[in-house]
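Notes for the one structure printed next.
The values are calculated or read from the model by the stated rules, or taken from the named source; none is laboratory data. Being a predicted model, the structure only gives us computed values, none of them experimental. Reconstructed Cβ throughout: ideal geometry from the backbone, glycine too, with neighbour counts over all protein chains shown.
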Ligand code: DGY
């Protein structure tokens, strides 16, 4: 009998075709976000779920999943899933690393440049017909080249951002729970430092940490006060890594100069004060959103799900401790 699988929300059609070749697929093909009850209802009788970061799987939902063997998340981050609860229940969790690394790093740099050089303010200025003449200090921003970039989290995406920074002749500081291997530090000319030093010395700070209990509110009022008044903060990781209210306050009061944000604490809600500030560039969680990458993420999640259903180790298994197969 073919296995049954749920795809919670719309993904690229190639991935749906692939899944349909291997399983009975429950696919509504909408962008609707399922409530926990709807999720449980649709998951009934399924052995796999291809899910997205908008699908929340806390312990109380996971405990009520019956017969589900794999949760294949279409994202590199999996903070929407209680991993410990899934592991306890023997449910494999997979993600989509690597395919989105360069795309996400491009976007982090796009936000950094846009915030530093006031690209959105310039666009709105021209668009609203306010541009009358060239002026010596019209929308002057900050140089990016030869400045200091501080990176929190030197994983794949952090490294890809550091590589881009070299093209701008930037000095790169980083902080992480694990120090990068010496050859990598040498290749990317990275300087490992404390969180405090990174906050104090960086002109630009880019966040590339996963959301865990230890990174939640990594950047709050105290950290913002430690930064330079000219600092620009970029967040393409997860919203709750930053205390959004504290950031809005800091941007409004000139504690730091600007920010570029792709992720928010309660997406799709954005702190109302942020919406009123000119010195923040806001994007709707699209750092990995290139056509190629989103297609690859869809296919990768589909392959993870099918591989698990076939009893083989899925290529991007997160809770590897569950794997006892060949
Ligand atoms: C992820 O993959 O975790 C991103 O946030 C969405 O691409």
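Things worth noting here:
- Close contacts from region 266-289, counting a first residue that is within 15 Å of residue 253 (Cβ to Cβ) and a second that is part of a strand (DSSP E or B) and more than 15 Å from the ligand (Cβ to nearest atom), with Cβ to Cβ under 6 Å and a gap of 6+ residues or different chains, come to 274/280; 279/258; 280/259.
- Criterion violated by residue 286 - all others in (1) within 13 Å of the ligand (Cβ to nearest atom); (2) surrounded by 19 or more Cβ atoms within 10 Å (Cβ to Cβ); (3) in a loop (DSSP other than H, G, I, E, B) satisfied: (2)
- Residue identified as under 19 Å from the mean Cα position of the chain (by Cα) and at pLDDT 95 or above among 82, 32: 82
- Restricting region 216-238 to residues that are crowded, with 20+ Cβ neighbours inside 10 Å and within 14 Å of the chain's Cα centre (by Cα), the residue that is farthest from residue 150 (Cα to Cα): 238
- Of the residues making up region 296-318, just one is part of a helix (DSSP H, G or I) and free of Cβ contacts under 8 Å to residues at least 40 places away in the same chain, namely 307.
- Qualifying residue in region 253-264 (condition: away from the ligand (no atom under 16 Å from the Cβ) and assigned to a helix (DSSP H, G or I)): yes
- For the criterion of being assigned by TED's automatic domain parsing to the domain that holds residue 145 and over 19 Å from residue 274 (Cα atoms), residue 210 passes.
- Region 270-282: number of residues that are surrounded by fewer than 17 Cβ atoms within 10 Å (Cβ to Cβ) and within 17 Å of the chain's Cα centre (by Cα): 1
- Residues of region 9-58 satisfying the condition of being in a helix (DSSP H, G or I) and either within 16 Å of the ligand (Cβ to nearest atom) or not assigned by TED's automatic domain parsing to the domain that holds residue 75 (or both): 15
- Set 115, 85, 75, 108: member being in contact (Cβ under 8 Å) with a residue 40 or more places away in the chain, buried (at least 17 other Cβ atoms within 10 Å of the Cβ) and either more than 22 Å from residue 207 (Cα to Cα) or more than 16 Å from the ligand (Cβ to nearest atom) (or both): 115
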